[in-house]
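Input: a single structure, listed below in structure tokens.
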Amino acid sequence: MAFIGRSVPRLEDRPLVTGKGRFAADVSFPHQLHMRVVRSPQAHGRILAIGTSAALGLPGVVAVWTAGDVSDIPPIDFRMTKIEGLEPYRQHILATDHVRYVGEPVAVVFAEDPYIAEDAADLVEVGIEELPVITAADGPVGIFAGTASTEPAQVRKGYGDVEAAFKSATHVVELDLSTGRHSAVPMETRGALGRYDASKDVLEMYGAAKVPHWNRDQVARMLKRSPSQVHFYEGHVGGGFGVRGELYPEDVLVCAAALRLGRPVKWIEDRREHLIAANHSRQQRHKIRAAIDATGKIIGIENEFFHDQGAYVRTHAATVPDLSAAMVLGPYHVPHYRTLGHIRLTNKTPCGTYRAPGRFETTFVRERLMDAIAARVGITPVEARRRNLIGKDEMPFERPIDALGTHVVYDSGDYAGLLDKSLRKVGWDELQMSIEARRAAGELVGAGIGMFVEKSGLGPYDGVKIAVDVGGKVEVITGAASVGQGVETVIAQICADTLGVDYTAVRVVHGQTDRIDNGMGAFASRVTAMTGEATRIAALKVKAKALDMAADLMQAAAADLEIVDGRVTAASGAKASIALGDVARHLLPVSRTRGEREPGLSAEGWFFSDHMNYPYGVHVAVVRIDAETGDVAIEKYLVAYDVGRAINPMLVEGQIVGGFAQGLGGAMFEELSYDERGEPLSVTFADYLIPTAHEVPSIDVLVTEDAPSPLNHLGVKGAGEGGTNAVGAAIAAAIDDALGLPGAVTQLPITPDRVKQMVVRRADFAASGIVQKPLS
Amino acid sequence: MKPASFEYHRPTTLEEAVKALAEYAPQDGRILSGGQSLVPTMALRMAKPAHLIDINGVRELADIKVTEDALIIGAGVRHAAFHKPVVDGALGQLLSFVVRHIAHYPIRQRGTFCGSLAHADPSSEWCLVSATLDAEITATSVRGARSIAVTELIEWAMSTTLAEDEILTSVRLPLLPENTRFGFYEFSRRAGDYALAMSLVTYELADGVIAAPRVGIGGVEGVPRRIAEAEEVLLGQKPSPDLFRAAAEAVANAADPMSDLQASANYRRDLARTVVRRALERSLP
């Protein structure tokens, strides 16, 4: 029975829906201590003194640390996209001489219970001499420390002759666009529990997620242990989205404390902490120009942007600006291109990646640009896109730039085909007529589209170990991680089909560094493509081994055998069969039938890839604006996404719908605001507005498999980020269209206050006689 | 987000409760009723009361009473009690319409009407209702009980004229005459969020013209209040779209809106105009 391509129920769900999940906060050990972080109340300043004696005097407090207590521990290093010159901007686990954002850890308290820990943290006196604050990434460059400026590096990419392109242009379209600072707010906040097992001389960390192996290696390095003396354990994870699972100061602190204090140390982040301490993301300002010909074809693009990195450069290093520079061109022909990205430090929470990093931002920018091109030459936004799309017959399409250190080659795609399918699915032509009629009746209603190319399946490798036990159960051990996205189910489906067993017979072990030496984790929509292919390769080896053994036992040729539902049978249909568990028994070390074969019905599979693959999608939004309040109602929304091959279509749809909700947050609701002194203003859910079930409309999803990836056997591309990618772009376009004001939206999130200002501007235009005809 | 330590008191009679408050108020004692505002602020340690006097066990505060001319709501009465009309006529319907705009269902099971008044949030629906209908509260202490008009009670955002030893034990809302019409409209960023602007209007329709108009706005200024200028516009006139627009305009002119993270003062002024007009439109059958 084929499992690949079927929406089988998730293997993960039983414990989760019956309250048997084991999240970070569910892990406890006898005699554990609780850690509370004392955070800077100032956005920028020099630390004069930190008084800990009152806190230490509180009964139940075991220790209070400041930077001096951990001065032997180096700052947290970069995991990704390191570019020259970023090292001085790394964050120490406790602030050394200066604080650079509100929320920066300046001290930690260890106490017998979390209440005492918080009481004691309140008693720690932090003396800070305030220094001038930088809150804008697009202002003058300032001083970070000593001779280091607040612009540590620039990202430059490009090709062709941009000057010549602009000289030859019929029109130049120029925009100034910004995306707001927001980030993932997983249901489960961060959590970490460090424990030193002296009986084995092993340091353990519970609460790992996303990249347990890399974090294990880093903690080992920082605490001067060998990686094999450190184990990281991933439990259930209540959402990752890029934010959760990176290595943060708190993770290192619980490990260091477990070693030094000789007791387990537990830290569970609270929501206020999460909103000021976990990675922020998305804040960018782009000044983009396109040189176009008279028909709206792009000749060249120049893109300058300012990336607000916050106070330090964390594990992602330059990932977001790098991807912004590499992915801004999307599905279009751009003969000449040049980008200059300014990485800027500000006195705000440090930033990292958030679902569709560098793409949510730049799809907004690029698709705004496409709409502006349409308006400039007087064609519809759909037509402007059609004239510039890269053709199906041009695949694989090479851009002479790199992304995350890999050469950008769009592996496969039929962009125009998916656009057609999307427009058909929403009934675009009828929609235009009904919009026209409703506008005539005075409604502000409009439609917009956003197209994009995603990226997924980042290498360089993945390896899995598969073993079949004598009961016929299959264990797949992978260094991938699960942040809740369905890894266990999808990997089991691939293993089951390849090996010939039921997917429920497959148990997938992930995120346990003591079970497998290497692992890349879960990010960049990589797991199904990379781990999936490694699983397939390993399962093929196991299958070959099983057939080879069974051939002996059944006195048949291996080539005449197959495995069906966990039993080796003759392909001819002969009745004799042998259960896979029995084959495993014959392969035990003590078995006499094993012969010269290696013991164990098991194998390792490795998959290596130098290139990412590139799924692509189309979003279509229809909105209605309340002219009086500026409220925007989403009447219809479609996400069409080509994932090459959907292993489990239900999970792909789930990824898209959930991703859409987060995209909607960034497009219309969520903003991490600061005042001019660098004080964060969005520190609770009363001020940081996440869309709820009321605000998230039910959407249409079209999953297509028109362009399988040639880079892996199954043709899989990642499905995690396409739902988020173009939400800002499509809603902005629909709002412009509803207002009849091309280019009205220049900034995300699009709040009712801002929409109301556009409505007023529209009325001013109308009064002055300049009324622009909607172009959709 | 663990509250600072506090001493917990649970009186079972009003007498015990006021005694406890008299004793502990000088030592930073606070009344705990529904706790939907106080407890989160304690979790954030923005409030660190040394004593909490929990009045949830005081039976005599738990009731709603209807007299000849008023509805009297005790300090223990939850928002959810108003999901269905608690009294025949316009007032019961008004309260059950408004209550659905208060936060979310679980919060309405705990939060109380009187607690909302004592908290005095500018965006509280009950503060708007009470100000618009000229409600009075009873404040009780060991020194006795006194009545305070809600307009006198709420000084400014989150600030009341209650003495530190006084418990807001009940609120008295006048029953509305038979021929009363009402309309309520609220605009917020998300369902259940605090209003950026809201309006409650009531009036009596006698011989086709408006009598005794009340136009209240909440979430716009620091304190919900009636706008006399708009009421003058309505008084003695026949309801009509133009009249409602004129009344709404009068509100926009009279209001002195707040500015915060979610809405600028100008935007709030626009919203005030809109919510008043829409509330008036909703008053029509």
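The values are calculated or read from the model by the stated rules, or taken from the named source; none is laboratory data. Owing to the predicted nature of the structure, the values given are computational and were not obtained by experimental measurement. Every residue, glycine as well, gets a Cβ built from its backbone with ideal geometry; the counts of neighbours run over all protein chains shown.
Scanning segment A:662-677 for residues that are buried (at least 21 other Cβ atoms within 10 Å of the Cβ) and either over 18 Å from residue A:750 (Cα atoms) or of a type outside the set (Phe, Trp, Tyr) (or both) returns A:662, A:663, A:664, A:665, A:666, A:667, A:668, A:670, A:671, A:672.
Take the residues of segment A:583-625 that are charged (D, E, K, R), buried (at least 17 other Cβ atoms within 10 Å of the Cβ) and touching a residue at least 60 places away in the same chain (Cβ under 8 Å): which is farthest from residue A:730 (Cα to Cα)? The residue in question is A:585.
Among what's in segment A:736-753 and is buried (at least 22 other Cβ atoms within 10 Å of the Cβ) and touching a strand residue (DSSP E or B) at 6+ places or on another chain (Cβ under 6 Å), pick the residue that is nearest to the other protein chains (Cβ to nearest Cβ). Looking at the filtered set, the residue picked out is A:748. For segment B:190-218, the set of residues classified as part of a loop (DSSP other than H, G, I, E, B), among the small types (Gly, Ala, Ser) and within 13 Å of chain A (Cβ to nearest Cβ) consists of B:191, B:192, B:195, listed by residue number. Among the conditions (1) in a strand (DSSP E or B); (2) out of contact with any Asp or Glu (no Cβ under 8 Å at 6 or more places or on another chain); (3) crowded, with 20+ Cβ neighbours inside 10 Å, the only one that residue A:398 does not satisfy is (3). On the phi < 0 side of the Ramachandran plot, of a type outside the set (Lys, Arg), at pLDDT 95 or above and touching a strand residue (DSSP E or B) at 6+ places or on another chain (Cβ under 8 Å): does that describe residue A:576? No. Filtering segment A:630-668 to residues that are out of contact with any Lys or Arg (no Cβ under 7 Å at 6 or more places or on another chain) and within 14 Å of chain B (Cβ to nearest Cβ) leaves A:631, A:632, A:634, A:661, A:664, A:665, A:667, A:668.
Note on segment A:89-122: among residues that are under 26 Å from the mean Cα position of the chain (by Cα) and not in a loop (DSSP other than H, G, I, E, B), the one that is nearest to residue A:406 (Cα to Cα) is A:89. The one condition from (1) within 14 Å of chain A (Cβ to nearest Cβ); (2) modelled with pLDDT of 95 or more that residue B:166 does not meet is (1). It is to be established whether one or more residues within segment A:531-543 are among the small types (Gly, Ala, Ser), on the phi < 0 side of the Ramachandran plot, modelled with pLDDT under 95 and not assigned by TED's automatic domain parsing to the domain that holds residue A:355. Taking every residue of segment A:531-543 in turn, none turns out to be among the small types (Gly, Ala, Ser), on the phi < 0 side of the Ramachandran plot, modelled with pLDDT under 95 and not assigned by TED's automatic domain parsing to the domain that holds residue A:355. For segment A:124-136, the condition of being modelled with pLDDT of 95 or more, under 23 Å from residue A:365 (Cβ atoms), away from chain B (no Cβ under 14 Å) and touching a Lys or Arg at 6+ places or on another chain (Cβ under 6 Å) holds for none of the residues. The set of residues from segment A:672-698 being under 19 Å from residue A:277 (Cβ atoms) and at the interface with chain B (Cβ under 8 Å from one of its Cβ atoms) comprises A:673, A:681, A:682, A:684, A:686, A:687. Residues in segment B:89-129 that are of a type in the set (Gly, Ala, Ser), in contact with a Gly (Cβ under 8 Å, 6 or more places away or on another chain), crowded, with 20+ Cβ neighbours inside 10 Å and within 13 Å of residue B:79 (Cα to Cα): B:111, B:115, B:124. Here is the figure for segment A:462-491: residues that are more than 16 Å from residue A:211 (Cα to Cα) and aliphatic (A, V, I, L, M) total 8.
Assess whether residue A:480 counts as being buried (at least 24 other Cβ atoms within 10 Å of the Cβ) and either free of Cβ contacts under 8 Å to residues at least 40 places away in the same chain or outside the structural domain of residue A:207 (by TED's automatic domain parsing) (or both). Yes, satisfied. For the residues B:134, B:69, B:63, the requirement of being within 26 Å of residue B:20 (Cα to Cα), modelled with pLDDT of 95 or more and surrounded by fewer than 22 Cβ atoms within 10 Å (Cβ to Cβ) singles out B:63. Among the residues making up segment B:148-187, those that are polar (S, T, N, Q) and touching a residue at least 24 places away in the same chain (Cβ under 8 Å) are B:151, B:159, B:160, B:169, B:170, B:179, B:180.
Checking each residue of segment B:107-119 against the condition of being touching a Pro at 6+ places or on another chain (Cβ under 8 Å), of a type in the set (Gly, Ala, Ser), at pLDDT 95 or above and not in a loop (DSSP other than H, G, I, E, B) gives no match. Contact map, segment A:648-666: first residue closer than 15 Å to residue A:490 by Cβ and modelled with pLDDT of 95 or more, second residue polar (S, T, N, Q) and not in a helix (DSSP H, G or I), Cβ cut-off under 8 Å, separation 6 or more or different chains; pairs are A:648/A:7; A:649/A:7; A:650/A:7; A:651/A:7; A:651/A:485; A:655/A:485.
Kindly indicate whether any position in segment B:204-213 is among the β-branched types (Val, Ile, Thr), modelled with pLDDT of 95 or more and surrounded by fewer than 20 Cβ atoms within 10 Å (Cβ to Cβ). Yes. Selection over segment B:251-268 of residues that are crowded, with 20+ Cβ neighbours inside 10 Å and more than 8 Å from chain A (Cβ to nearest Cβ) gives a count of 5.
Pairing residues of segment A:699-715 that are closer than 15 Å to residue A:641 by Cβ with residues that are β-branched (Val, Ile, Thr) and surrounded by fewer than 20 Cβ atoms within 10 Å (Cβ to Cβ), at Cβ distances under 9 Å and at least 6 apart in sequence or on separate chains, gives A:699/A:657; A:701/A:657. Considering segment A:322-378, and only residues there that are part of a strand (DSSP E or B) and among the charged types (D, E, K, R), the residue that is surrounded by the fewest Cβ atoms within 10 Å (Cβ to Cβ) turns out to be A:338. Of the strands (runs of 3 or more DSSP E) lying entirely inside segment A:568-679, those containing at least 1 residues that are not assigned by TED's automatic domain parsing to the domain that holds residue A:415 span A:577-579, A:602-608. For segment A:680-694, a residue qualifies if it is out of contact with any Gly (no Cβ under 6 Å at 6 or more places or on another chain) and buried (at least 19 other Cβ atoms within 10 Å of the Cβ), and the qualifying residues are A:680, A:682, A:683, A:688, A:689. Report, by residue number, each residue of segment A:401-441 that is of a type in the set (Ser, Thr, Tyr), more than 15 Å from residue A:333 (Cβ to Cβ) and surrounded by 16 or more Cβ atoms within 10 Å (Cβ to Cβ). Residues satisfying the conditions are A:406, A:412, A:422. All of (1) of a type outside the set (S, T, N, Q); (2) surrounded by fewer than 17 Cβ atoms within 10 Å (Cβ to Cβ); (3) more than 26 Å from residue A:271 (Cα to Cα) hold for residue B:45 with one exception: (3).
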